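Q: Got a structure for you, questions after.
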Amino acid sequence: DQQVKQNSPSLSVQEGRISILNCDYTNSMFDYFLWYKKYPAEGPTFLISISSIKDKNEDGRFTVFLNKSAKHLSLHIVPSQPGDSAVYFCAASAGNNRKLIWGLGTSLAVNP
Amino acid sequence: NAGVTQTPKFQVLKTGQSMTLQCAQDMNHNSMYWYRQDPGMGLRLIYYSASEGTTDKGEVPNGYNVSRLNKREFSLRLESAAPSQTSVYFCASRAGQGGSYEQYFGPGTRLTVT
């Protein structure tokens, strides 16, 4: 049973426009959420995170929004660039051991 | 700083053969992790080591063993490889012990078992 769900396997966006990647979760005990980016033949790279006590975190072109009542978070990339084309994973953590539970990923294609 | 390194990058095994995947980190992190990634399955935790001297099972530990050799190194062993273990294996590390949640990943080992 997937506790972290990324329901869109793929997304295509025009360069310069906004990319919105979505993630839903079922476990209300999750207290920290992370987004990772993965290029082919490379390991995932940490992008941005948010604690459950916040509803927004921003880092340059990347903003993560958290809606705890809806158990939903989203990653906004503005403006999107061709180099952003990658697979984006949402991950969540609960408890002291800080293990991560991963979504299946969304493949983003940013077209020039 | 090399970050997290993994060897080998690629490996082909026959069913029943054994091998060890090596992982090392130079960030003085306490916690280390082994994941596998399969198409359509996301990242699944095999084993982890919260600190030097400890190891624990993750979501899919069957068929694997691990050794936390020292603070830097965490190896994953397949004693008798099976085709179901064909996958891409990632090692990761985290500062640990109440530190940040972020894990840092190596480049992966692509393993094929025939």
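Listed here are the residues, each with its yes/no results for (1) surrounded by fewer than 13 Cβ atoms within 10 Å (Cβ to Cβ); (2) more than 13 Å from the chain's Cα centre (by Cα); (3) within 30 Å of A:Pro9 (Cβ to Cβ); (4) not charged (D, E, K, R).
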residue	(1), (2), (3), (4)
B:Leu21	no, no, yes, yes
B:Asp26	yes, yes, no, no
B:Ser31	no, no, no, yes
B:Gln37	no, no, yes, yes
B:Gly40	yes, yes, yes, yes
B:Arg44	no, no, yes, no
B:Gly53	yes, yes, no, yes
B:Arg68	no, no, no, no
B:Ser80	yes, yes, no, yes
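Q: Still on this model: Take the residues in the stretch B:83-105 that are over 13 Å from B:Ser31 (Cα atoms) and touching a Ser or Thr at 6+ places or on another chain (Cβ under 6 Å); name whichever of them is nearest to the other protein chains (Cβ to nearest Cβ). Spell out the reasoning first.
A: The first filter runs over the stretch B:83-105 and keeps only residues over 13 Å from B:Ser31 (Cα atoms), leaving B:83-90.
Checking which are touching a Ser or Thr at 6+ places or on another chain (Cβ under 6 Å) leaves us with B:86, B:89.
Numbers: B:Thr86: 16, B:Tyr89: 10 Å.
Only one residue fits best here, namely B:Tyr89.
Q: Looking only at the stretch B:55-107, which residues are free of Cβ contacts under 8 Å to residues at least 40 places away in the same chain, more than 15 Å from B:Ala24 (Cβ to Cβ) and of a type in the set (D, E, K, R)?
A: B:Asp56, B:Lys57, B:Glu59, B:Glu102
Q: I'm told A:Ser52 meets every condition in (1) within 14 Å of chain B (Cβ to nearest Cβ); (2) within 14 Å of the chain's Cα centre (by Cα); (3) more than 21 Å from B:Ala92 (Cβ to Cβ) except one. Can you identify the failing condition by its number?
A: With respect to (1) within 14 Å of chain B (Cβ to nearest Cβ); (2) within 14 Å of the chain's Cα centre (by Cα); (3) more than 21 Å from B:Ala92 (Cβ to Cβ), A:Ser52 is out only on (2).
Q: Keeping to the stretch A:95-112, report how many residues are crowded, with 18+ Cβ neighbours inside 10 Å and more than 10 Å from chain B (Cβ to nearest Cβ). Walk me through how you get there before you give the answer.
A: Narrowing the stretch A:95-112 to residues crowded, with 18+ Cβ neighbours inside 10 Å: A:98-106, A:108, A:110.
So of that shortlist, the ones also more than 10 Å from chain B (Cβ to nearest Cβ) come out as A:106, A:108, A:110.
Total meeting the criteria: 3.
Q: Right, here's the next one. Taking the condition of being surrounded by 13 or more Cβ atoms within 10 Å (Cβ to Cβ) and away from chain B (no Cβ under 14 Å), how many residues in the stretch A:67-89 meet it?
A: Looking only at the stretch A:67-89, we keep the residues that are surrounded by 13 or more Cβ atoms within 10 Å (Cβ to Cβ), and these are A:68, A:71-81, A:84-89.
From what's left, away from chain B (no Cβ under 14 Å): A:68, A:71-81, A:84-85.
Summing the residues that are surrounded by 13 or more Cβ atoms within 10 Å (Cβ to Cβ) and away from chain B (no Cβ under 14 Å) in the stretch A:67-89 gives 14.
Q: Looking at A:Val87, is it out of contact with any His (no Cβ under 8 Å at 6 or more places or on another chain) and not aromatic (Phe, Trp, Tyr)?
A: Numbers: out of contact with any His (no Cβ under 8 Å at 6 or more places or on another chain): yes; not aromatic (Phe, Trp, Tyr): yes.
Considered against the rule, which asks whether it is out of contact with any His (no Cβ under 8 Å at 6 or more places or on another chain) and not aromatic (Phe, Trp, Tyr), A:Val87 comes out as yes.
Q: Restricting to the stretch A:3-34, name every residue that is small (Gly, Ala, Ser) and either crowded, with 20+ Cβ neighbours inside 10 Å or in a strand (DSSP E or B) (or both). Before you say what the answer is, go through the steps one by one.
A: Filtering the stretch A:3-34 for residues small (Gly, Ala, Ser) gives A:8, A:10, A:12, A:16, A:19, A:28.
Once the filter is applied, which keeps residues that are small (Gly, Ala, Ser) and either crowded, with 20+ Cβ neighbours inside 10 Å or in a strand (DSSP E or B) (or both), the stretch A:3-34 yields A:Ser10, A:Ser12, A:Ser19.
Q: Among residues belonging to the stretch A:35-47 that are touching a residue at least 12 places away in the same chain (Cβ under 8 Å) and surrounded by fewer than 18 Cβ atoms within 10 Å (Cβ to Cβ), point out the one that is nearest to the chain's Cα centre (by Cα). Reasoning before the result, please.
A: Looking only at the stretch A:35-47, we keep the residues that are touching a residue at least 12 places away in the same chain (Cβ under 8 Å), and these are A:35-39, A:44, A:46-47.
Keeping just the survivors that are surrounded by fewer than 18 Cβ atoms within 10 Å (Cβ to Cβ) gives A:39, A:46.
Working: A:Tyr39: 15, A:Phe46: 10 Å.
Here the answer is A:Phe46.
Where a number appears in this text, it was derived from the coordinates with a stated rule and is not lab data. What you see is a predicted model; the values in this text were computed from it and never measured. Cβ atoms come from the backbone with ideal geometry, glycine included; neighbour counts cover every protein chain shown.
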